[in-house]
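J.: Please see the structure below; I have some questions.
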Amino acid sequence: MSEVTNDRAGGRAPRRWNPLVRAARCGEALHAWRTRRHGHAPPAHDTGAPPPPGPAAAGSVLWRMRTTVRDEPGALATLCTALAERRVDILSLQTHPLGAHTVDEFLLRVPAGTDLTAAVAAGGGTDTWTERADAHDLVDGPTRMLGLAARTATDASELPLVLRQLLGRCTIRSQPAAAAGTAAAVPPEGVLEGTVIRLRDPEGGVITAERPYLPFTPTEFARARALVELDARLGPRLPRGRDVLALSEGGHVSVRRADTTDLQAAREMHERCSTETLRRRYHGPVGDASRYLDHLLSPRFGRTLAAQTASGRIVALGHLLWDGDETEVALIVEDAWQRRGIGAELLSRLVDMAVEAGCAHVYAVTQASNTGMVAAMRGLGLPLDYQIEEGTLVITAGLDPAPAQSTPAPGERVTRP
């Protein structure tokens, strides 16, 4: 069987940013699966557990907290006094002015047995939000922003991930310029509408950040806009390193990052692929397969790896696609190069990239008969979840977090008096 899987999984319309990709989905069966699997709320682990430290907490714990106080003399001092009375150590503080109120963002070290929510309420704080933190949050604000800017400058595909890290637990979506009216609806300076930020994508589309459970502040909006403007000034960019991969049956290919400059070579690979290989990959009319490449190769929507011969001919593509709160992996290997370990190698590298990006899991959407893709996913040695409907198979792999991001499961909670 071919070592291929299809493009992005079809689902509810707000999660799909490319109408061409949606048109190639398997239809109502896959749509029904996505609808049942995903809701509009933030992921459960982001909003449910663990709760803010209470009497049952054991040991000092780092927490990020955001709360709103009136913008008047002494209001912040009252809040800090209430925290100090409970021996809560304030490690850092940032303020976000909002007219008659100020949103204060803290990094706290909280002793065991402290009811943080009650302490904040006693100090006059309202609309309080908390999230578990770790030692990496001890970096000061300017240093953190410089680090995020450096990531953006190195790799165009980092922008959605950097925005998510900047803004906390939110959903970042990109809509391509091909989506009618998207860019026209957003002014050049962007739009801030409570829990939604919309910014012009340097490639002509729109980038949307949504955090339904916590409004964005003008300061966060300005920071996000600065990163997008930096991305626009730097233009297209991609890490250019490559590795040589020895094949199981002899010979070798090189593996490197790919982008839209590889469009022609990718189209030529499509022309050499059989109808069956293209059908397994795209689940739609095979004549339309090459129409998706401009989207798939764009660093804005993820990362692509290409396997190519010494002559420069691309023989396989692997995609890691940002899908809102989730991440999809997809592969296509030219027929003459299948069953030589290329698909498995690309998949392993894509999963490594997902781990480095802090993804909790990746999923692949294929056909139940595609034993090559099923075997490649099993070969990862990761916990797998299988869901199948009418021949459409969705395989989800749970990922081990990267060491630098190995932290307790974060929990957010909003409390109102």
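J.: In the range 227-250, is there at least one residue being under 19 Å from LEU331 (Cβ atoms) and basic (Lys, Arg)?
T.: yes
J.: Among (1) surrounded by fewer than 19 Cβ atoms within 10 Å (Cβ to Cβ); (2) within 24 Å of CYS359 (Cα to Cα), which single condition is ARG313 missing?
T.: (2)
J.: Only one of SER290, SER298 is of a type outside the set (A, V, I, L, M) and free of Cβ contacts under 8 Å to residues at least 60 places away in the same chain; which?
T.: Answer to the selection: SER290.
Residue-wise test of (1) modelled with pLDDT under 80; (2) more than 30 Å from ALA84 (Cα to Cα); (3) surrounded by fewer than 21 Cβ atoms within 10 Å (Cβ to Cβ).
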{"site": "VAL120", "(1), (2), (3)": "no, no, no"}
{"site": "ALA135", "(1), (2), (3)": "yes, no, yes"}
{"site": "ASP140", "(1), (2), (3)": "yes, no, yes"}
{"site": "THR143", "(1), (2), (3)": "no, no, yes"}
{"site": "ALA153", "(1), (2), (3)": "no, yes, yes"}
{"site": "ALA177", "(1), (2), (3)": "yes, yes, yes"}
{"site": "ALA185", "(1), (2), (3)": "yes, yes, yes"}
{"site": "GLU203", "(1), (2), (3)": "yes, yes, yes"}
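J.: Which condition number in (1) within 34 Å of the chain's Cα centre (by Cα); (2) at pLDDT below 85 is the one that ASP104 fails?
T.: In the conditions (1) within 34 Å of the chain's Cα centre (by Cα); (2) at pLDDT below 85, ASP104 misses (2) alone.
J.: Ok, one more. What strands (runs of 3 or more DSSP E) lie completely within the range 83-143 and have 2 or more residues being closer than 21 Å to GLU220 by Cα and of a type in the set (A, V, I, L, M, F, W, C)?
T.: In the range 83-143, the matching strands (runs of 3 or more DSSP E) lie at 89-98, 101-110.
J.: What's the number of the only condition in (1) touching a Lys or Arg at 6+ places or on another chain (Cβ under 8 Å); (2) of a type in the set (A, V, I, L, M); (3) crowded, with 22+ Cβ neighbours inside 10 Å; (4) over 30 Å from ARG169 (Cβ atoms) that LEU247 fails to meet?
T.: (3)
J.: Could you give me the residue pairs with C-beta distances under 7 Å whose first residue belongs to the range 151-172 and is without any contact (Cβ under 8 Å) to a residue 12 or more places away in the chain, whose second residue is among the hydrophobic types (A, V, I, L, M, F, W, C) and assigned to a helix (DSSP H, G or I) wherever it lies, and which are 6+ apart or on separate chains?
T.: Going by the 7 Å Cβ cut-off, the qualifying pairs are ARG151/VAL162.
J.: Just to be sure I understand the filter: pairs with C-beta atoms under 7 Å, separated by 6 or more residues or on different chains, first member in the range 249-272 and closer than 10 Å to SER290 by Cα, second member of a type in the set (Val, Ile, Thr) and at pLDDT 90 or above. Which pairs pass?
T.: Sorted first by the residue in the range 249-272, then by its partner, the pairs are ALA266/ILE314; MET269/ILE314; MET269/VAL315.
J.: Sticking with this structure for a sec: Say we look at the range 364-392 and pick out the residues that are surrounded by 20 or more Cβ atoms within 10 Å (Cβ to Cβ) and not in a helix (DSSP H, G or I); which of these is nearest to the chain's Cα centre (by Cα)?
T.: This residue is ALA364.
J.: Something else: Checking GLY358 against (1) open to solvent by 30 Å² or more (accessible area, probe 1.4 Å); (2) under 30 Å from VAL162 (Cβ atoms); (3) in contact with a Ser or Thr (Cβ under 9 Å, 6 or more places away or on another chain), which test does it fail?
T.: Result: GLY358 passes all but (3).
J.: Oh, and also: Considering every residue within the range 209-224, establish whether at least one is open to solvent by 20 Å² or more (accessible area, probe 1.4 Å), in contact with a strand residue (DSSP E or B) (Cβ under 6 Å, 6 or more places away or on another chain) and among the basic types (Lys, Arg).
T.: Checked the range 209-224: no residue is open to solvent by 20 Å² or more (accessible area, probe 1.4 Å), in contact with a strand residue (DSSP E or B) (Cβ under 6 Å, 6 or more places away or on another chain) and among the basic types (Lys, Arg).
J.: Any residue at all in the range 122-129 that is of a type outside the set (Lys, Arg) and either modelled with pLDDT under 85 or closer than 30 Å to SER298 by Cβ (or both)?
T.: Yes: the range 122-129 contains one or more residues that are of a type outside the set (Lys, Arg) and either modelled with pLDDT under 85 or closer than 30 Å to SER298 by Cβ (or both).
J.: So, in the range 338-351, of the ones that are within 20 Å of ASP262 (Cβ to Cβ) and either under 24 Å from the mean Cα position of the chain (by Cα) or free of Cβ contacts under 8 Å to residues at least 40 places away in the same chain (or both), which residue ends up surrounded by the most Cβ atoms within 10 Å (Cβ to Cβ)?
T.: It comes out as LEU346.
The values are calculated or read from the model by the stated rules, or taken from the named source; none is laboratory data. Quantities reported herein were computed from a predicted structural model and do not represent experimental measurements. Reconstructed Cβ throughout: ideal geometry from the backbone, glycine too, with neighbour counts over all protein chains shown. For accessibility, only protein heavy atoms count, side chains too; no ligands or nucleic acids. Shrake-Rupley method; radii C 1.70, N 1.55, O 1.52, S 1.80 Å.
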